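Written below as structure tokens is the structure these notes are about.
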Amino acid sequence: MLPTVNSWSDQLQGLASGLFISVLIWLLAAPQALALNDAQQLVVESWRLVNQSYVDPGKFEAIRWKRLRQKALENSIETSEQAYNAIETMLLPLNDPYTRLLRPDDYTVMKASNEGSLSGVGLQLGHPPDSDTIVVIAPLEGSPAADAGVTSGTEILAVDGEDVDVLGLEATAARLRGAVGSQVLVKLRPPQGELTEISLERRTIDLRPVRTRRLRSDAHTLGYLRITQFSEGVPTQVKEALEELSDRNVEGLVLDLRNNSGGLVSAGLAVADVFLDQEPIVETRNRDGIADPIQAGPGLLYSGPMVTLVNSGTASASEILAGALQDDGRSLLLGDNTFGKGLIQTLTNLSDGSGLAVTVAGYVTPSGQDIQGQGIQPDRILDQPEPLNPGGEGDRWLNDAERVLQSQIEQAPPSDQPKPPAITTVESDPS
């Protein structure tokens, strides 16, 4: 039986209704299908932050930066760990170790370190000259390691059964940190001692980034100021330390920046302002090639003679300070070539509690010296081997610095003989 006109109409209406419903369902479903889950959003968020602020956007075309985001999202990303792996893979072609993801635990540790405290066993680690071994530079005073008798120069061999040759320096340090009250098993070899294993209980460690004391001499009274990192409270602590030394009528100052790997650039700039009077500190250069010179404010917090100790562990913000003191003729640098990190990073909190460090600028010293990968050469190279415990007993470099400083004081013309250092209020903060 042939369909009637009415039946054809009914079928067409039914077909049209079906198509309308299908299109409506597709329109409603499409946005949901295209929406990114939280883990994928983390990847996109990281890509966007780098894309907006990375210091060298010229790299993007060479590594096909946009394609890297697309390629990352083509993979299954359902968990935070998958997102972290995707972000690290995406950042790898930049070949910039300072632009990196910090997982939540690592980000928490870094923030605590910038605030001047963390939880761990209290060991400062490093590589001795011309060696890949990991040794204790110094145990922090009052730390679990110090209480257990761990001494400078002790070689670290393994942490919780993991060989440090596999872990490397940064991962070894990370393994030693952890929750307060937890235990960590450390395999070590003390100097002139036998291999041993000790279990240490992690505690909250006060990093004490600023330490000071008076150096006793038959002829002169000198002050010693050591800064181990630039955290939030350091500028205030430096001011208090210099006021204390001024009360003791010191004639000169040894500033020790050895093994100061940096920290907050703003804190480093504020400390530079302590020693310089309206003189240039540093010049930063961003991705657009814009140069931003930073100058010290008027007035000095410390105006006396000084020398500064540096080594291969002096990096980043501490190199900014050392470079300014050297270029402005404020202080001789003594020791060994600095690390050579002339890049500045921002640290951004991501949506899941992890963090992203992005290199956003480079810097040059007041004389225009780009130290990235080269470091700063001191005015005087001191004899090797380098002392492993800066400021501690038997520190030959500190003894050398005292002799140089005393010579400066004694050779100064009578009219320039040092008076008690002027202590004033810093009038401006270059940060």
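Brief remarks follow.
- Out of Glu78, Glu115, Glu141, sole residue that is more than 30 Å from Val55 (Cα to Cα), among the charged types (D, E, K, R) and at pLDDT below 85: Glu141
- Among the residues making up the range 144-158, those that are more than 13 Å from Val186 (Cβ to Cβ) and either among the hydrophobic types (A, V, I, L, M, F, W, C) or within 24 Å of the chain's Cα centre (by Cα) (or both) are Ala146, Ser152, Gly153.
- Where helices (runs of 4 or more DSSP H) fall entirely within the range 33-114, none has at least 3 residues that are among the acidic types (Asp, Glu) and over 27 Å from the mean Cα position of the chain (by Cα).
- Just one of the listed residues (Gly340, Gly353) is closer than 25 Å to Val136 by Cα and within 22 Å of the chain's Cα centre (by Cα), namely Gly340.
- Of the strands (runs of 3 or more DSSP E) that lie entirely inside the range 163-270, those containing 2 or more residues that are closer than 21 Å to Ser143 by Cα span 183-189, 196-201, 203-206, 210-215, 222-227.
- Checked across the range 123-131, the condition of being in a loop (DSSP other than H, G, I, E, B), at pLDDT below 85 and hydroxyl-bearing (Ser, Thr, Tyr) holds for at least one residue.
- Those residues of the range 189-245 which are farther than 29 Å from Ala270 by Cα and among the small types (Gly, Ala, Ser), in sequence order: Gly193, Ser199, Ser217, Ala219
- Residue in the range 397-411 that is modelled with the highest pLDDT, counting only those that are loosely packed, with under 13 Cβ neighbours inside 10 Å and farther than 23 Å from Gln384 by Cα: Glu410
- Pair list, Cβ under 7 Å, 6 or more apart: the range 336-349 residue in contact (Cβ under 8 Å) with a residue 12 or more places away in the chain, other residue among the aromatic types (Phe, Trp, Tyr) and in a loop (DSSP other than H, G, I, E, B): Leu343/Tyr98; Gln345/Tyr98
- Listed by first and then second residue, the pairs linking a residue in the range 159-179 that is within 16 Å of Thr133 (Cα to Cα) to a residue that is of a type in the set (D, E, K, R), with Cβ atoms under 8 Å apart and 6 or more places separating them unless they lie on different chains, are Val159/Arg175; Val159/Lys187; Glu162/Arg175; Asp165/Asp132; Leu167/Arg175.
- Residue list for the range 203-237, filter: surrounded by 20 or more Cβ atoms within 10 Å (Cβ to Cβ) and small (Gly, Ala, Ser): Gly223, Ser231
- Test: Ala315 is in contact with a Phe, Trp or Tyr (Cβ under 7 Å, 6 or more places away or on another chain), of a type in the set (Gly, Ala, Ser), in a loop (DSSP other than H, G, I, E, B) and not assigned by TED's automatic domain parsing to the domain that holds Glu88: yes
The values are calculated or read from the model by the stated rules, or taken from the named source; none is laboratory data. Here the structure is a predicted model, which means the values were calculated and not measured. All Cβ positions, glycine included, derive from the backbone under ideal geometry; neighbour counts span all protein chains shown.
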